[in-house]
1. I need the GluC sites (Glu not before Pro) found in segment B:68-168, filtered to DSSP loop residues with at most 15 other beta carbons within 10 Å of theirs.
2. Loop sites only, by DSSP: take the trypsin sites (Lys or Arg not before Pro) in chain A that have at most 16 other C-beta atoms within 10 Å and name the longest stretch containing none of them.
3. At 1.4 Å probe size, with no ligands or nucleic acids counted, give the accessible surface of A:SER255 in Å², nearest ten.
4. Shape verdict for segment B:1-114, please, from the Cα gyration tensor: rounded (a/c under 1.5), prolate (a/b greater than b/c) or oblate.
5. Of B:LEU232, B:VAL173, B:HIS111, whose Cα points farthest to the positive end of the dipole of segment B:55-247 (charges on the beta-carbon: +1 Lys, Arg; -1 Asp, Glu; origin at the Cα centre)?
6. What's the total accessible area buried between chains B and A, using a 1.4 Å probe, rounded to the nearest 100 Å²?
7. Do the sum for chain A: with -39,500 (n - 2.57) for every DSSP H run of n ≥ 4, divided by all residues, what is the mean residue ellipticity at 222 nm, to the nearest 500 deg cm²/dmol?
8. Take the Cβ-Cβ distance between B:SER37 and B:LYS247 as r, set R0 to 22 Å, and report the resulting FRET efficiency rounded to the nearest 0.05.
Amino acid sequence: MHQFWEIISKADNVPIVIMLVLVCFFTWLSFREALKYDRARAEGKTVKQAVYAEEAGFPERVAVWPHLVRQEFLVAIGVTIFLMLWSIALDAPLEELANPNVTPNPSKAPWYFLGLQELLVYFDPWIAGVMLPNVIVVGLMAIPYIDINPKGSGYYTLRERPLAISIFLFGFLFLWVLMVCIGTFARGPGWLWFWPWQHWDVHRVVAETNIDFSDKFFGVDSASPMGFWIGLAAVALWFPAVMFPPLLLPSFRRSEFFQRLGIVRYLVFSSLLATMLATPVKMILRIFLHVKYIWVTEWFNV
Amino acid sequence: MDVDALKKEVTTSQLWRSVMRHDLEDNPRTRVLKVMSNLFMHLHPVRIPRFGLYLKHTWCMGGITFFLFLVLTVTGTLLMFYYHPVKEAAYADIKYLEFDVPFGMLLRNMHRWAAHAMVISVWLHMYRVFMTGSYKPPREFNWVVGVLLLTLTMLLSFTGYLLTDDQLGFWAVTVGTNMARATPLLGHEGPFGDKLGMTPYNDIRFAMLGGSQVAGNALLRAYIWHCIALPLIVAVFISIHFWRVRKDGGISAPQ
């Protein structure tokens, strides 16, 4: 436990603790606002009445000078004071001169990339370090073109956009923020898992026998041609398995949601969703069933 | 000495009038003119809905991100006065900043903590914009620009990491750029990289580092990306981002 406090109070890790507190606070705040709105709507109020509850149902417009300018000025002063105090209290870390011959254990990327580094446990670098970051950026950019639900624009609500919010919160809170925290606080020497009360022992060895998907479930050597085809099938079938079941339901095809979305948007959305869900699925397979690779080829492994 | 007469003399002079285009009485007319006749204030609309002032609605994270960018520009420029992006000098320059330069440690601390804070505030800004559904039409494209700015913010921070030339920065950047080896087709360890003739000496990682290792060329490249190229690109996208906020109808509100 003593060492956990050391890790948390390391100068470069303080921002992560601050971030964690802020993310929790703002999640609570946005949920509070959303529930307030949803309750007002349930009571039969119009959108505007529910949003502007404190303004007698009408958005009053105020002059930017002095109202907004004053606020910007105060916030700028506040941020400056905060930064000053932070900089007086805590010194930026500086270690010894860079030395390519002395590798620290663990070697960690900058903290905001530790979520991706954590994924290296579950995926090869070409997926965790190259494909996934690109899919994340492209996927984020695609959000406005996929989520065409016109409701919930400009105010907090949960009930009017449950799907969009749950997918985003899952991605942001669990696959990003949580992974960053795990990579920072729970990964010690050898990138092994250390609980807060465990000492980061550099000599610790964990015997883990990981086997590939086809060995595990079919008893087929993953490097054999048969293993190759089983792996290919598993990866290739994952996407349709996530994407197509809803399409088989006539009630889904006739639903207003699907009618508005259209087939092209649906396929883009569901393939991005399948990619996103593949991450926790692979993690579960790895952690609980010790599956290393799903698909082994001579050029790359998945 | 008549102060009022002097004040009038000054404020009606040609010099004063050439700078200040309007009087400073507090009335509705000058409130508008203060915004309209000043380049920096002109980023704002003249009026906004009152809830645009509510911190529980905006979290103020976009504004804080922009302010931190300005803080980083100023502290970064000051740091550049003391820093040489060469292997022989870089680490010693940081030590010099820490022990000899007046307020050098404070300057460096502010730059580092503001950089971390900016990464956090830009994430939270995205979080808020998502939770209020503010990416919905007509603001789709501005969300795209915002995602680019978020990515660029992390790249700015990442390129700055190496510049201290210490173990922390060196290994963080080594771990980060080693990923580029695994780029499909373009990295020498990536899928099909060897089929395209990729080696450690001609692949995408080599292009990023200016060599096969994180060394002097990588330091210079990180410095140029960090201090010149990325800030310029970010400035362009910030301009587009702010301009589009105005053109897309200001802060989002229910229709």
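1. Loop-located and lightly packed - B:GLU88.
2. Formally, the longest exposed-site-free interval is A:46-150.
3. Its heavy atoms expose roughly 30 Å² to the probe.
4. oblate
5. B:LEU232
6. Numbers: alone 16800 and 20320 Å², together 28550 Å².
That pair of chains buries around 8600 Å² in total.
7. Working: 12 runs with 159 residues, N = 302.
Result for chain A: -17000 deg cm²/dmol, rounded to the nearest 500.
8. 0.60
The values are calculated or read from the model by the stated rules, or taken from the named source; none is laboratory data. For clarity, every value in this text was computed on a predicted model and none was experimentally measured. Methodologically, a virtual Cβ is constructed for each residue, glycine included, from the backbone with ideal geometry; neighbour enumeration extends over all protein chains shown. Areas reflect the complete protein model, heavy atoms only, side chains present, ligands, DNA and RNA absent. Shrake-Rupley method; radii C 1.70, N 1.55, O 1.52, S 1.80 Å.
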